[in-house]
Amino acid sequence: MADSQLPAERSQQDSLRRAEERVAAMMRVGRSLTAVHDLDELLGLVVDQVTVAMDSERSTIFLVDEDSGEIWSKVAQGDDVKPIRMPIGTGLAGWVAETGRSVNLKNAYEDDRFNPEVDKLTGFKTNSMLVVPLRGKQGEILGVIQTLNKRGDHFSTEDEQLLDALCSPIAVAIENAKLVLSVLSKNIELMETQQALAQKVEELDVLFRIESEVSCAIRTDEILTRLLHQSVEMLDCEAGSFLLVSDETGELTFSNAVGDKQDEVKRLRIPAGAGVAGWVAKHGEPALVADPAADERHLK
């Protein structure tokens with residue numbers, strides 16, 4: 001009599017163990033949703049716990065990309081699993097994303113909606129599968145959770161109810177994460193606008209100072225000196241100079257200079273077309289040289 005009761009006792013113990021594992025997995029999902037704020041990390045933890053709770057082999061979370069009209073695998077379990085993108089309505093996950101209806105299959109290959117190409121890409125053989133939509137607060141489809149290959153059996157109605165219950169807090173966490181990203185994006189745009197405005201104000205201020213300097217100067221040499229000082233200050237550089245081109249020889253001479261050894265610099269003469277300055281004078285184009293030593297035009 002005792003021997004005949006052993007299988008029943010084992011079955012009860014197994015059922016109790018699975019129930020305890022599910023409750024523990026749900027608790028871990030709940031803790032993850034409140035403790036983790038990074039969306040990638042959050043969904044990575046969630047998908048692991050979904051697999052435990054469903055007693056399946058692997059799970060995937062697909063998110064809807066409204067701009068492209070696709071769903072893509074935000075988080076997927078498995079070795080060397082590459083991101084998967086497919087149009088909404090394609091495959092079982094795409095069908096669930098389009099219709100908002102759950103799918104529970106004992107044999108995926110017997111369903112025409114199943115896309116076997118994904119198995120070919122991943123090298124994974126799908127048998128049973130359960131796919132449930134992730135709905136936002138307004139009922140819109142944010143994505144789907146897909147879990148594959150129930151261990152020892154197919155997914156039950158109880159599994160559907162459990163996964164559906166897990167989807168609600170997961171969807172809320174996704175919406176919250178998107179809201180945070182949206183706020184951060186707007187803050188970045190605002191900072192960039194403020195920086196651009198500050199730069200524009202600074203440029204206008206420099207132009208005003210230059211105009212003031214020019215209006216106060218009398219001689220051409222004094223005007224150029226004042227302009228040069230303002231240019232060096234505006235560009236935040238160590239030195240600067242004005243070079244004038246001779247109409248007769250094309251030679252360049254330093255009429256004004258700011259920086260170390262400026263008196264010595266003023267005595268220099270540059271042959272027509274020589275050096276970076278000569279090249280600019282000859283071609284009438286600006287030159288930006290990040291590494292003068294590596295530029296063959298540079299007069300060492």
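The values are calculated or read from the model by the stated rules, or taken from the named source; none is laboratory data. All figures in this text were calculated on a predicted structure; none of them were measured in a lab. Cβ atoms come from the backbone with ideal geometry, glycine included; neighbour counts cover every protein chain shown. Please note that ligands, DNA and RNA were not included when accessible areas were found on the heavy atoms of the full protein model with its side chains. Shrake-Rupley method; radii C 1.70, N 1.55, O 1.52, S 1.80 Å.
From largest to smallest, what semi-axes in whole angstrom does the range 171-300 give when each is the square root of 5 times an eigenvalue of its alpha carbon gyration tensor?
Details: eigenvalues 386, 94, 28 Å².
Semi-axes (√(5λ), whole Å): 44, 22, 12.
Could you tell me how far the Cα centroid of the range 136-210 sits from the Cα centroid of the range 235-300, in Å?
Their Cα centres are 53 Å away from one another.
Using DSSP to call loops (not H, G, I, E or B), can you name the GluC sites (Glu not before Pro) in the range 104-151 whose Cβ has at most 14 other Cβ atoms within 10 angstrom?
Taking the range 104-151 and a limit of 14 other Cβ atoms within 10 Å, the loop GluC sites (Glu not before Pro) found are 140.
Name the shape class, rounded, prolate or oblate, that the alpha-carbon gyration tensor gives for the range 197-265, where a ≥ b ≥ c are the square roots of its eigenvalues, rounded holds for a/c under 1.5, and otherwise prolate holds if a/b is larger than b/c and oblate otherwise.
On the way: a/c = 2.17, a/b = 1.67, b/c = 1.30.
Prolate, because a/c is 1.5 or more and a/b exceeds b/c.
Length gain on complete extension for the stretch residue 192 to residue 106, per 0.36 nm per residue less the alpha carbon to alpha carbon distance? Display every interim value, and only then the final one.
Details: separation 86, 0.36 × 86 = 30.96 nm, distance 5.37 nm.
So the chain would gain 25.6 nm between residue 192 and residue 106.
Taking the Cα of residue 267, stepping 7 Å toward and past its beta carbon, and measuring to each backbone N in the range 240-257: which are under 17 Å?
Residues 253-257 qualify, since their backbone N sits under 17 Å from the label point.
Kindly give the semi-axes, whole Å and largest first, of the ellipsoid equivalent to the range 114-233, taking each as the square root of 5 times a Cα gyration tensor eigenvalue. Intermediate results must be reported in sequence, preceding the final value.
Values: eigenvalues 930, 67, 14 Å².
Rounded to whole Å, the semi-axes are 68, 18, 8.
Take 254, 155, 208 and sort them by solvent-accessible surface of the protein heavy atoms, 1.4 Å probe, largest at the top. Each step should come with its number before you reach the end.
Numbers: 254 35, 155 5, 208 130 Å².
Largest accessible area first, the list is 208, 254, 155.
Given a Förster distance of 22 Å, report the FRET efficiency between residue 199 and residue 229 from their Cβ-Cβ distance, rounded to the nearest 0.05.
Working: r = 20 Å, r/R0 = 0.93.
It comes to 0.60.
Beyond a 32 Å Cα-Cα separation, which of these cross-linked pairs lie in this structure: 120/150; 137/186; 137/200? Intermediate results must be reported in sequence, preceding the final value.
Numbers: 120/150 20 Å; 137/186 22 Å; 137/200 43 Å.
In this structure, 137/200 lie more than 32 Å apart at Cα.
What do you reckon, how do 145, 188 stack up by accessible area (1.4 Å probe), largest on top?
On the way: 145 0, 188 95 Å².
I get 188, 145, largest accessible area first.
Express in Å², to the nearest 10, the accessible area of residue 279 obtained by rolling a 1.4 Å probe over the protein heavy atoms while all chains stay in place.
It works out to around 60 Å².
What's log10 of I(q)/I(0) for the range 256-295 at q = 0.22, 0.24, 0.30 Å⁻¹, Debye sum over Cα points only, no solvent?
Reported log10 I(q)/I(0), two decimals: -0.90, -0.98, -1.01.
So, taking all protein chains as they sit and a 1.4 Å probe, how much accessible area belongs to residue 282, in Å² rounded to tens?
150 Å²
Tell me the accessible surface of residue 192 in square angstrom (1.4 angstrom probe, heavy atoms of protein chains only), to the nearest ten.
110 Å²
Under a crude label model (7 Å from the Cα following the beta-carbon direction), how far is residue 297 from residue 249 in nanometres?
Computed distance between label sites residue 297 and residue 249 equals 2.2 nm.
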